[in-house]
Amino acid sequence: MQNDPLTTLVAPDAPIDAATHGGRAKCLQRLVRLNLPVPRTISLSFTAVKRIAAGQMPDIDAVNEQFDVGALLCVRPSSEDPDWGGPGAVLNIGMNDAQYAKLSESLGPKAAAVLYSRFVQGYATHVARLDPDLFGFDQDEGPKGLQRMLRTYEDEADEPFPQSRTDQLSGVLRSMARAWEGTSARLLRQAKGAPADAGLGLVVQEMIPGLGQRECGSGVLQLIDPITGLQQITGRYLSQSQGRDALGAGAAALYLEKDPRGASLEELAPEAFEALKRDAALMRCKLREEMQVEFVIQDGAVHILDGVRVPRSSRAAVRIAVRLAEDGIISRQEAVMRIEANSLNELLHRQVAPDAARDVLANGIGASPGAATGRIVFSATAAQASAARRESCILVRRETAPEDVRGMHASVGVLTEKGGMTSHAAVIGRGLGLPCIVGASELGFNTRDKILKAPDGRVLREGDIITIDGSSGQVLAGEPAMLEATLDDAFQTLMAWADAARDIGVRANADTPADAQTARNFEAEGIGLCRTEHMFFDSGRLTVMREMIFADTSAGRAGVLARLLPMQREDFIQLFRIMEGRPVCIRLFDPPLHEFLPASRSGQRELAEALDLPVSDVTRRIEAMAEYNPMLGLRGVRLGVTVPEIYEMQARAIFEATLEANRSGAPVVPEIMIPLVSAKREVELIKARIDAVAAAVRSERGQEFTFRLGVMVETPRAALRAAEIAPYVSFLSFGTNDLTQMTYGLSRDDAGRFMSDYVRKGVFPEDPFHVLDIEGVGELLKLGAERGRAANPALTVSICGEHGGNPESIAFCREAGFDYVSCSPFRVPVARLAAAQLAI
Ligand code: PEP
Ligand code: MG
C-alpha cells in the first residue's frame, strides 16, 4: 500500500494530490509548506474513505496516536472540487468527562461545557443518528445544558456517551464516509458537475478551541470584497467561538479592519490582525489565488485552519484575475483562461443580486440576459405611456411583431408566452441588450383581460411590479435587490489581453446606428449582419415599409422606393461613419411578410388611412397575401427575384452612401449579402442587377468604389450546392437560425412550446437554436465551407446566426476554419473571450 496510504501526515514531503485526497487536503499541505501556523493535520485518501464506508476500518489507533493525548480533533470533508460539498465538519472530538473536568479548570466551566455540548450534539445527530430536535444547543445553558444532553444521549442510545477518543473518531469517520455515499448527497454533487464516482477525502485536524481566558475566537478573512473584487479586507471575527460561527453571528461579530459600522479585530487585537494580514497575503501570492482564510485566535496567537478560493461574483472574478496578473502572480493568458466567457453576461447587464431572495412566479426561456424590474404593461402603447411617465415597465405580449418594437424600446424588459431563442422578441431583445424571457407559457396569458396567472394561482394585473431574469428565465414577483452592470477598467484590460491571444474574427450583428455604436463600444471588428428590414421597425417608417409591400403597380412601387432610398442612404452613411472603415455587411431585404403586416384591427385601420384605402380593401389584400407557411414563403432573395426594384434601390443606397462616406472618412468597402438563397440562378440574377446599379452609379457620379458580394447560407440546399454558388461571390455567411429551422424542420417561432420537454427527455441535448447542432447543422456548415472554398479559394466564411456568440459554437467554427463569427452586440465580449480561450 506504499502508493495508497490510508493516512498521510499533511507534511511538506507527503504525496498529497487533489485527485486522491481532495482539494482541502492539498491546500492544507501547501499552507504547511509555507510555514503558516496550521495545526497538526492528517489526511485520509479517497480510497481510505471508500473502504471505511464499506466497513473496512483502518487502524484508527494509528491516526489517534499522531495527535497529543489531550488534544481535541475535528474532521472535515475534502472533495476534489470544494464546490461539490461534503458532509458537515464535526468539531471537538476527544471531549469526554475527564477532558471536561480538566478544561473546566483551564478555560472555565462554561467554555468547557460549550466544547463538550457541541461535540455531543454533532455526534448524537450525525454518528448515532438520534433525533436532532432532542439535542438543541444553547451556548448560555452551560454545564446544566451539557448534563441534560448527556442524559438524553444515554436514554436514546441505550449506552453512555463514548469516552475514548479512538472510538469517537472511528464513529465520526464512518458516518462521514457513509454520508458521502448516500443518494441525496450523490445527486446534489452531480448537480454541481461532480462525476458519478467522485471521491471524498477526510482531514483530521487538531482543534484550536477558540475559547479560553485570554483573547480567543474564530473568523474568516479575505483581502478583497467578494462582490466587487476591490481590495478591501472583509470577513468577520467572533470572540469565544469556533468553526464558522462568526459568519452567522450578526451584530455580535466584529469587523476585521477598523470600520465605522462597529468594533473591529484590528482595534481588539492589533498584533493578531497584522499577523493574519501577512499570512493572507502570503497565501494569495503562493497559492496564486484570492483565498478565504479560516482562522482561530487562541490566547492572542493566530492559527490558520483552512483556506478556500474566495467565492465571488463574476465582476469580482474579472478584477481578481486582472490584479493577480498585474501583480505578476499569474500570466495574462492565465487570467484570460480563468474567466468563464458566459459569465461576462453578468457584467454587461444588471443582475438580480446573488444573495437576494427570489419569489419565482414562473419559468420561461431566458432569451436575452440581464434582469429588469418594472410594472406590467400589455401593449406597446401602454409601454410608451409608461415611459412618458418615467415609470419602468415590462412589456408582456403573447409574442412580438415589428409594431411592438417601439414598445420594446420604451420598456426595460420583455416577457412573451410564445417563441424560442430565435423568435422576434428574442432577437430584438438581444440586439437592444434588453432582458427578455420568451416561451413563458407556464403563466396563463390573458392579454384581453390584461391578466397573468402563475401556476400557484397568483394573479398579476397591469401595473403590478415584476422582475424578469433573462439570464435564468425566471419571472419573479416584486423587486429583488439588483447588481448594476459595470464595464470597469479591469474588464477592459482583460478584453485587451483576450484580443492579443485570439485568432478568429468577431463582428456584431447591428441593424441601426445605435446598435453599431454598441458594437464599437464592445470593440467588434465590423458588422457581420445588418438586417435592413429592421431599419424600418421605427413607428414612422413601418408604414412606408408596409406601403412598399402593398404596392401592386410598378409606378406605385417606384413612388414608395423613391421615398425609401434617401432613408436607407442616410442609414448606411451613419453605419459607415460609426464603423470608421471597418467592414459592414448589409443584408438585402428579408422581410418575412407576415411580420410586417398589421394583424390587429386598429393597425389595419391605420394602414388604410396611410394608403388612403377603405379598411375592407386593406383587410382583403392582407388576406390575399397570407401564406400558409410564411417562413418558407415569399421572403429573402425570392422577393428580390420577383420584385427586383427593391434590391436595386438598396444597392443604389449602399453605393451612394459609400461615395458619401469615402469623401470624409476612412475608405469603405461595403459588403452586400443576399439572403435565403437556395439556387445558383438566384445569385446570377441578383448579381447582374447589382453590378448594373454599380455601373450606373459610377458613371452618374464619375467616381470609383468597390464592394464585395456574398450569399447568406440559410437553406440546406445552399450549403450542399456551395461549390456552384461560391464562384459568383466573395463570401458565404451561414445564417444558422434559418438553417437550423430548415434542417430540423422545426419552426423557430413555435419550438419554444415544447423545447424544454425535448431537452428534458434527452431528445435534443440542448436547444439547437441556442447551441449549434454540431452533428447535423454543423455538418452542413463544414460541407458548405469546404465545397465553397474548393471552388473559390479566396472565399471568406463566417457565421451570423444567433449561435455566433455561443462559446461552444465558436469553438466549432474556429475548428472548421471560419474567418469570423458575428453575434448580437452585447454578446461580442463573450465571443472575444471565448475565442481567445480557444487559441491559448
Ligand atoms: C439566420 O437565419 O441565421 C439569420 C441570421 O437571419 P434572420 O435571423 O434574420 O432570419
Ligand atoms: Mg435568416
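The values are calculated or read from the model by the stated rules, or taken from the named source; none is laboratory data. Fair warning: this is a prediction, and the values are worked out from it, not measured in the lab. Positions of Cβ are generated from backbone atoms using ideal geometry, with glycine treated the same way; all protein chains shown enter the neighbour counts.
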*Could you count how many residues in the range 389-410 are under 27 Å from the mean Cα position of the chain (by Cα) and at pLDDT below 85?*
0
_Residue that is nearest to Gly710 (Cα to Cα), among those in the range 662-680 that are of a type outside the set (A, V, I, L, M) and either away from ligand 2 (no atom under 16 Å from the Cβ) or not in a loop (DSSP other than H, G, I, E, B) (or both)_ = Glu671
*If a residue has to be of a type in the set (Lys, Arg) and either touching a Gly at 6+ places or on another chain (Cβ under 6 Å) or away from ligand 1 (no atom under 16 Å from the Cβ) (or both) to count, how many in the range 617-639 make the cut?*
2
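Given the residues Arg827, Arg814, which is the only one that is touching a helix residue (DSSP H, G or I) at 6+ places or on another chain (Cβ under 7 Å) and more than 16 Å from ligand 1 (Cβ to nearest atom)?
Unique residue meeting the criteria: Arg814.
Check whether at least one residue in the range 368-381 is closer than 28 Å to Gly801 by Cβ, surrounded by 23 or more Cβ atoms within 10 Å (Cβ to Cβ) and within 16 Å of ligand 2 (Cβ to nearest atom), and report yes or no.
no
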_Test: residue in the range 723-735 that is outside any helix (DSSP H, G or I), within 19 Å of Ile586 (Cβ to Cβ), within 16 Å of ligand 2 (Cβ to nearest atom) and touching an Asp or Glu at 6+ places or on another chain (Cβ under 6 Å)_ = yes
_Selection count where residues are touching a residue at least 40 places away in the same chain (Cβ under 8 Å) and out of contact with any helix residue (DSSP H, G or I) (no Cβ under 7 Å at 6 or more places or on another chain), scope the range 80-109_ = 8
*Qualifying residue in the range 804-811 (condition: away from ligand 1 (no atom under 16 Å from the Cβ), surrounded by fewer than 18 Cβ atoms within 10 Å (Cβ to Cβ), charged (D, E, K, R) and modelled with pLDDT under 95)*: yes
*Number of positions in the range 110-146 that are in a helix (DSSP H, G or I), touching a helix residue (DSSP H, G or I) at 6+ places or on another chain (Cβ under 9 Å) and surrounded by fewer than 14 Cβ atoms within 10 Å (Cβ to Cβ)*: 3
_Subset tally (residues that are part of a loop (DSSP other than H, G, I, E, B), more than 16 Å from ligand 1 (Cβ to nearest atom) and crowded, with 24+ Cβ neighbours inside 10 Å) for the range 388-411_ = 1
*asked:* I'd like to check something: does the range 620-635 contain any residue that is of a type in the set (Val, Ile, Thr) and over 23 Å from Val683 (Cβ atoms)?
replied: yes
_Check on Val763, more than 14 Å from ligand 2 (Cβ to nearest atom), more than 21 Å from the chain's Cα centre (by Cα), free of Cβ contacts under 8 Å to residues at least 40 places away in the same chain and part of a loop (DSSP other than H, G, I, E, B)_ = yes
*Are there any pairs, at least 6 apart or on different chains, whose C-beta atoms fall under 6 Å, with the first in the range 51-77 and more than 18 Å from Val90 (Cβ to Cβ) and the second polar (S, T, N, Q), and if so, which?*
Asp61/Thr166
*From the options Arg753, Arg698, residue that is charged (D, E, K, R), at pLDDT below 95 and not in a loop (DSSP other than H, G, I, E, B)*: Arg753
*Single residue of Ile686, Ile674, Ile690 found to be closer than 21 Å to Gly633 by Cβ and either of a type in the set (Phe, Trp, Tyr) or more than 16 Å from ligand 1 (Cβ to nearest atom) (or both)*: Ile686
*Please specify each residue of the range 166-209 satisfying the condition of being surrounded by fewer than 17 Cβ atoms within 10 Å (Cβ to Cβ), within 12 Å of Trp84 (Cα to Cα) and in contact (Cβ under 8 Å) with a residue 60 or more places away in the chain.*
Leu188, Lys192, Gly193
_the range 633-646, subset away from ligand 2 (no atom under 16 Å from the Cβ) and part of a helix (DSSP H, G or I), residue surrounded by the most Cβ atoms within 10 Å (Cβ to Cβ)_ = Ile646
*Looking at the range 432-439, is at least one residue farther than 24 Å from Asp456 by Cα and of a type in the set (Val, Ile, Thr)?*
no
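Inspect all residues belonging to the range 539-550 and state whether any of them is under 16 Å from Ile428 (Cβ atoms), within 16 Å of ligand 1 (Cβ to nearest atom), modelled with pLDDT under 95 and polar (S, T, N, Q). First the steps, then the outcome.
Taking the range 539-550 and keeping what is under 16 Å from Ile428 (Cβ atoms), we get 539, 541-542, 545.
So of that shortlist, the ones also within 16 Å of ligand 1 (Cβ to nearest atom) come out as 545.
Filter once more, keeping what is modelled with pLDDT under 95: 545.
Adding the requirement that they be polar (S, T, N, Q) leaves none.
No, the conditions are met nowhere in the range 539-550.
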*Output yes when any residue across the range 59-78 is within 45 Å of the chain's Cα centre (by Cα), more than 23 Å from Asp245 (Cβ to Cβ), of a type outside the set (Ser, Thr, Tyr) and outside any helix (DSSP H, G or I), and no when none is.*
no
*Quick one: which of Gly559, Gly457 is more than 16 Å from ligand 2 (Cβ to nearest atom), out of contact with any helix residue (DSSP H, G or I) (no Cβ under 8 Å at 6 or more places or on another chain) and either within 23 Å of Leu597 (Cβ to Cβ) or assigned to a helix (DSSP H, G or I) (or both)?*
Gly559
*Residue list for the range 574-632, restricted to those being among the aromatic types (Phe, Trp, Tyr) and more than 16 Å from ligand 2 (Cβ to nearest atom)*: Phe576, Tyr628
*Of the conditions (1) away from ligand 1 (no atom under 16 Å from the Cβ); (2) crowded, with 24+ Cβ neighbours inside 10 Å; (3) of a type in the set (Gly, Ala, Ser), Ala599 fails just one. Which one is it?*
(2)
_Give me the strands (runs of 3 or more DSSP E) completely within the range 173-270, filtered to those with at least 1 residues that are modelled with pLDDT of 90 or more, more than 28 Å from Asp68 (Cα to Cα) and out of contact with any helix residue (DSSP H, G or I) (no Cβ under 8 Å at 6 or more places or on another chain), ordered by residue number._
231-239
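With the requirement that a residue be among the polar types (S, T, N, Q) and either within 13 Å of ligand 1 (Cβ to nearest atom) or part of a strand (DSSP E or B) (or both), what does the range 701-722 give you?
Thr715
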